[in-house]
1. For Cα Rg over 2.2 N^0.38 Å, several values are listed as (i) 1.09; (ii) 1.33; (iii) 1.04; flag the one computed from this structure.
2. Classify segment 12-78 as rounded, prolate or oblate from the Cα gyration tensor: take a ≥ b ≥ c as the square roots of its eigenvalues, call it rounded if a/c is under 1.5, otherwise prolate when a/b beats b/c and oblate if not.
3. May I ask you to list, by number, the DSSP H helices of the chain whose Cα span along the axis is at least 18 Å and whose average Kyte-Doolittle hydropathy reaches 1.0 or more?
4. Would you work out what percent of the accessible area of segment 120-262, with all protein chains in place, is carbon or sulfur (probe 1.4 Å)?
5. Can you list the chymotrypsin sites (Phe, Trp or Tyr not before Pro) in segment 9-43 that are in a DSSP coil and have 13 or fewer other beta carbons within 10 angstrom?
6. Just read off the accessible area of Arg214 with the full protein assembly in place, 1.4 Å probe, to the nearest 10 Å².
7. So which residue, out of Thr65, Thr271, Thr174, gets the largest mean-square fluctuation from a GNM of the chain using Cα contacts under 10 Å as springs?
8. What is segment 98-219 by shape, rounded, prolate or oblate, if you read a ≥ b ≥ c off the alpha carbon gyration tensor as root eigenvalues and call it rounded for a/c under 1.5, prolate for a/b larger than b/c, and oblate otherwise?
Amino acid sequence: MNVGRSYRLREFLLWTRRELYLLMILGIVPVCLYELAGWRWLAIPWTVVALIGTATALIVSFNNTQTYARTVEAQQVWTGILSSSKAWGLMSRDYLKDPEAARQLVNRHLAWVTVLRYQMRRSRAWESTNRATNAEYQSFYDVPEKENTLEAELARYLEADELRGVLASRNKATQLLAHQSRAIRGLFDSGKIVINFFIEMEKSIKELLDHQGRSERLKNFPYPRQYATINSFFIRLFCILLPLGMLKEFDALHRVWLVIPFSVMISWMYTSLQQVGESTENPFEGGANDVPIAQIARMIEIEVLELLGETDLPTLRRPKNNIIL
């Protein structure tokens, strides 16, 4: 997530320069063939281009609206996890008379948050972070999940035996919540918490499972490929036809070479919107515009530990080039 005032134009041009190079070629070649080689038949009616451009604009608008909605939902899910984590910290502190048992419940919860953010950062075939443009831009910021291993992070919160069991499981986040439920049941059976407190904490675990399920749905089910494909197809078709439709218009003004800058500028608007939509489509993949789940996890750790009376607290992560994940 960019926490600065805005992206600089230099950064945006750097990010989109590969498309700009291609658009310049698409503009230069037909103009040279039309003007220098005399291929007047290359020109097509402007009405055709205008109709395709209108349809493309509608498709791009629909695509970006839907991908933005996915990012908004991801923000809602993780702010919900933040609120539920604070509630869990309060219940662990106030419902239990044993501070050590409360600390174990909190540590296991922090392990769950850690596992969930690592699961959200796993690569998927449809994600765009491995594309040349985005992979290159990743040098401008840090992805915390790529700096440390999951095992090293979990070792801060879990005992060795539990850590091995969690790492061997298929869905580690679900396994941790299962351990949490078992621990609460053990506390109830031993008389350390009363039944109404036990029920409230089980409800809290169900709420965390709901948050996890919504987060996993956004991660594992992409924006429908049919819409993404047709969006890309129409934009490329429009960019190819645009300079052909502008040839006669500028030739009538005896300024046919102006087709190049104007076609590049208009096409760049469409391709940039497509690129922005693709980078917004998957809010956990590790892109510069992702939901800052590592920062939210750090906020959870700080606030929950503070509720337990801890004074040696970690610090919030610092943005790099105004980008924080």
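1. Here Cα Rg over 2.2 N^0.38 Å agrees with entry (ii).
2. Here segment 12-78 falls in the oblate category.
3. Qualifying helices, which must be both long enough and hydrophobic enough, are 293-307.
4. Of the solvent-accessible surface of segment 120-262, carbon and sulfur hold 57 percent.
5. Trp39
6. 80 Å²
7. Thr65
8. Prolate shape, in that a/c is at least 1.5 and a/b is the bigger ratio.
The values are calculated or read from the model by the stated rules, or taken from the named source; none is laboratory data. Quantities reported herein were computed from a predicted structural model and do not represent experimental measurements. Using ideal geometry, Cβ is built from the backbone for each residue, glycine included, and neighbour counts are taken over all protein chains shown. Protein only, heavy atoms only, side chains kept; ligands, DNA and RNA dropped before computing areas. Shrake-Rupley method; radii C 1.70, N 1.55, O 1.52, S 1.80 Å.
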